[in-house]
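To keep things clear, I will list the structure first and then write my remarks on it.
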Amino acid sequence: MMTKARSLTEEDFLSLLEITDIDTLVGKVFDYYPVGCINLGKIEYSKLDELCEKLKSGDGDRAENIRAVISIVRCASTGAPDPCPIVEKLKSEISSDLSSDITAAELAEKAGISLYYMLHIFKKEVGRTITEYRNMCRLEKAKDELVNSNKNVTSIALECGFANSSYFAETFKQSTKVTPLEYRRIMKETKRTNKVLEKANDTDLILWNMLEHKDILEDGFDVDSIVPSEAVKTYTVTYPTEEYSFLHEAAIIEYEGVLFAAWYNCPKRELADSSPIRFSKSYDCGKTWTEPKKVVDDPTGAILYCPPVFGVQDGKLYMFVNQMAKPDCIHSLDLYVYNKEKDNFDELWSRGDIPVKLNTNVYTLSNGKLLLPGRWCVRDTFANTPCVIISDSGRIDADWRIIKIQEDCKLPDGSTYDHPEMSAIVDGEKVYIFCRNDQRKIPLLYISEDNGETWSKPIAHDLPFCNSKIYSDRLSDGRSYVVGNIYSRSLLAVFISEKDDPMKFVKGIVLRDAKNKELDICSYWCYPVAYEFDGKLYVIYSFDIGNFRRGAALSVVDLSKI
């Protein structure tokens, strides 16, 4: 589910005018109007590129060109045209006096337009009826009064235009999932004891108070104190090229002393065209990489591929790949095996009965079975329900069965997961799953006590991951690690646990941040995947150098130094 776009104010627009770097400017526009995977095809890329070139060259009116960029991105984000003056006037009329019960007919008469046209254009532009919009404004005002005043609920209800306190309470709980008094208590009494809550808004705090909590950071651990370390060396795996400017969701593993990396590419935009799976090898621990080779592709773009994950068993290297009917709509799970003679991967099978988008390399459970976390969907629809798949035989090339971690993609507050990519830490029969959650800023865990057969409800934790992939696993010395973006995609960090408690994190180091100009990569880094080999942790991730151009980099962490 796509993040809802907020209105871009005139002040916001003036701040955009001051940005000289075009890549930064376009990135800011996408921040205001996020575009989910499912809507990528709605972007008019040729027009966007043309406008960016005009902005770079100074051709034409700068403000008009920026407004045109905003319009293109906004249409892909919301599917709506530029704001309609009539609708903006109606919104202003409604919000200026929330205690008024002015009817739609009266509003139409004041605006001098047809009632039926007004109802149509308002719903089309705003996505709500006039009544729904008025109630939303009333609720927002009520929330402010509940938090910033000591007025009783009845007074607030009447002041905000509700007929009585009972109807107000019913409407309020339907919207927020809590009563007005519960909302006041949560907002006033929730102690912002960790970095997660410092950045939480009211909907985040409501979800936090609905969940069980598990603190995984050592007491007193200050996330803001972590810095880059000399234990980390960073190398480029592959830069964007003229043929493939976009790279996403890389994976890494060691096989017979050689590092293998794989990813899916796109010629220009993410999943807007073909998305071949490609791989490369390193014979010198990540310093240099071979020319990428293609594993599978559909040049027409009718079949999309993503993302590769690895496993090694009985001297064989395996790669799982997803086929997609369209972005994030999973069609099948495919398994490939490495052919040494051809130096490429051969397909073993394709399973349409496993519509699961995978996120990690293969984990081995304490009972000898294998586990892969992912997200499930009805075949050819959007994958959004957290799940794992398990190989009961312990064989990578055998049958896998699906276990839904929960039956749907809903959280307790009624919000829907958005890209719940997951990774695991296995501790005996216990399995901990870190879960990405784009809809709320509350980081989540699931816990299984029986090798992944049954799962807890979602649990909140205190490591402030943002809206990007998280990767975790155990190390050979008994510690565990988790890699993710902290606060934003411009800061990528790894956290290391104690040896005797794999879920108590006591150390952290920065892998990449926006201040680091190394490798001429200075935008953001995301979608990490890691693998331990020979005393080092190899973390591969996507890097963005602007204008939708992405490559892959590798940070090598000397574990003996941390």
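The values are calculated or read from the model by the stated rules, or taken from the named source; none is laboratory data. Keep in mind it's a predicted model, so treat the numbers as computed, not measured. Backbone-built Cβ (ideal geometry, glycine too); neighbour counts: all protein chains shown. Each accessible area value is taken on the protein alone, full model and side chains, heavy atoms only, with ligands, DNA and RNA left out. Shrake-Rupley method; radii C 1.70, N 1.55, O 1.52, S 1.80 Å.
Results, tabulated for the structure shown:
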quantity: Verdict on residue 453 being in contact with a strand residue (DSSP E or B) (Cβ under 9 Å, 6 or more places away or on another chain), closer than 20 Å to residue 357 by Cα, surrounded by fewer than 22 Cβ atoms within 10 Å (Cβ to Cβ) and of a type in the set (D, E, K, R); calculated: yes
quantity: Cβ pairs under 6 Å, 6+ apart, first in region 415-439 and among the β-branched types (Val, Ile, Thr), second outside any strand (DSSP E or B); calculated: 416/1; 416/409; 425/502; 431/452
quantity: Unmet criterion (only one of (1) farther than 30 Å from residue 499 by Cβ; (2) modelled with pLDDT under 95; (3) out of contact with any Leu (no Cβ under 9 Å at 6 or more places or on another chain)) for residue 421; calculated: (1)
quantity: Hey, residue 233 within 15 Å of residue 554 (Cα to Cα), free of Cβ contacts under 8 Å to residues at least 60 places away in the same chain, touching a strand residue (DSSP E or B) at 6+ places or on another chain (Cβ under 6 Å) and among the charged types (D, E, K, R) or not; calculated: no
quantity: Matching entry among 287, 281, 268 (being part of a strand (DSSP E or B), in contact (Cβ under 8 Å) with a residue 12 or more places away in the chain and of a type in the set (D, E, K, R)); calculated: 281
quantity: Single condition residue 161 does not satisfy, out of (1) among the small types (Gly, Ala, Ser); (2) open to solvent by 70 Å² or more (accessible area, probe 1.4 Å); (3) in contact (Cβ under 8 Å) with a residue 60 or more places away in the chain; calculated: (2)
quantity: Any hit, region 329-346, residues being at pLDDT below 95, surrounded by 20 or more Cβ atoms within 10 Å (Cβ to Cβ) and under 30 Å from residue 450 (Cβ atoms); calculated: no
quantity: Test result for residue 511, in a strand (DSSP E or B) and either touching a Phe, Trp or Tyr at 6+ places or on another chain (Cβ under 6 Å) or open to solvent by 20 Å² or more (accessible area, probe 1.4 Å) (or both); calculated: no
quantity: Index of the failed condition, residue 434 passing every other in (1) within 29 Å of residue 235 (Cα to Cα); (2) open to solvent by 10 Å² or more (accessible area, probe 1.4 Å); (3) aromatic (Phe, Trp, Tyr); calculated: (2)
quantity: Strands (runs of 3 or more DSSP E) wholly inside region 184-260 that include at least 2 residues being of a type in the set (S, T, N, Q) and crowded, with 18+ Cβ neighbours inside 10 Å; calculated: 232-238
quantity: Counted residues, region 374-403 - those being β-branched (Val, Ile, Thr), free of Cβ contacts under 8 Å to residues at least 24 places away in the same chain and over 16 Å from residue 327 (Cα atoms); calculated: 0
quantity: Selected residue (criterion: farthest from residue 361 (Cα to Cα)) from residues of region 261-282 that are basic (Lys, Arg) and surrounded by fewer than 19 Cβ atoms within 10 Å (Cβ to Cβ); calculated: 268
quantity: Residue, farthest from residue 168 (Cα to Cα), within region 136-158, restricted to residues that are within 31 Å of the chain's Cα centre (by Cα) and open to solvent by 30 Å² or more (accessible area, probe 1.4 Å); calculated: 147
quantity: Top-ranked residue in region 174-183 [being open to solvent by 30 Å² or more (accessible area, probe 1.4 Å) and modelled with pLDDT of 95 or more; ranked as farthest from the chain's Cα centre (by Cα)]; calculated: 181
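Here's the yes/no breakdown for (1) modelled with pLDDT of 90 or more; (2) touching a Gly at 6+ places or on another chain (Cβ under 6 Å):
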{"site": "111", "(1), (2)": "no, no"}
{"site": "122", "(1), (2)": "no, no"}
{"site": "125", "(1), (2)": "no, no"}
{"site": "138", "(1), (2)": "yes, yes"}
{"site": "141", "(1), (2)": "yes, no"}
